[in-house]
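The values are calculated or read from the model by the stated rules, or taken from the named source; none is laboratory data. Every value quoted in this text rests on a predicted model; they were computed, and no experiment measured them. No Cβ is skipped: glycine too gets one built from the backbone with ideal geometry, and neighbour counts run over all protein chains shown.
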Amino acid sequence: MAKKHVPLRTCVLCQQIRAKRDLVRIVRTPQGQIIVDERGKAAGRGAYLCRNRDCWEKAIARDRLDHALRTRLGVEDKQHLLSHAQQFPCLETPSAAEQ
């Protein structure tokens with residue numbers, strides 16, 4: 001029996017490659033809105049983050065999401081994403097991400 005293909009994605013901050021369903025997709029919709037796409041199906045430019053609050057906070061603070069989504073996140077967008085990140089545990093990010 002052949003193994004089923006598991007799509008892989010990379011966290012924009014820590015660069016860890018994981019199964020797509022283990023990461024959270026952030027999307028810039030065609031209308032320019034920034035949304036959290038838990039299902040991974042929304043139309044638009046996407047970026048992935050670990051389910052780790054530390055990755056979310058650092059990616060927002062260091063403008064990594066801005067770069068990945070090819071836009072400038074507004075204050076409201078950053079607040080919305082930071083509030084969403086509160087549901088995740090705060091784990092230490094790998095030292096490679098500190099560079």
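Just one of ARG62, ARG39 is loosely packed, with under 15 Cβ neighbours inside 10 Å, modelled with pLDDT of 95 or more and among the charged types (D, E, K, R); which is it? Step by step, each of ARG62, ARG39 is checked, and only ARG62 is loosely packed, with under 15 Cβ neighbours inside 10 Å, modelled with pLDDT of 95 or more and among the charged types (D, E, K, R).
The condition of being part of a helix (DSSP H, G or I), free of Cβ contacts under 8 Å to residues at least 40 places away in the same chain and among the acidic types (Asp, Glu) does not hold for GLU92. In segment 18-52, what residues are under 12 Å from the mean Cα position of the chain (by Cα) and hydrophobic (A, V, I, L, M, F, W, C)? Listed by number, the residues that qualify are LEU23, VAL24, ILE26, VAL27, ILE34, ILE35, VAL36, ALA47, LEU49, CYS50. Can you pull out the residues in segment 29-62 that are in a strand (DSSP E or B), free of Cβ contacts under 8 Å to residues at least 40 places away in the same chain and more than 18 Å from CYS90 (Cβ to Cβ)? Within segment 29-62, ILE35, ASP37, ARG45, GLY46, ALA47, TYR48 qualify.
Selection of segment 12-28 for residues being touching a residue at least 12 places away in the same chain (Cβ under 8 Å) and more than 15 Å from HIS67 (Cα to Cα) yields GLN16, ARG18, ALA19, LYS20, ARG21, ASP22, LEU23, VAL24.
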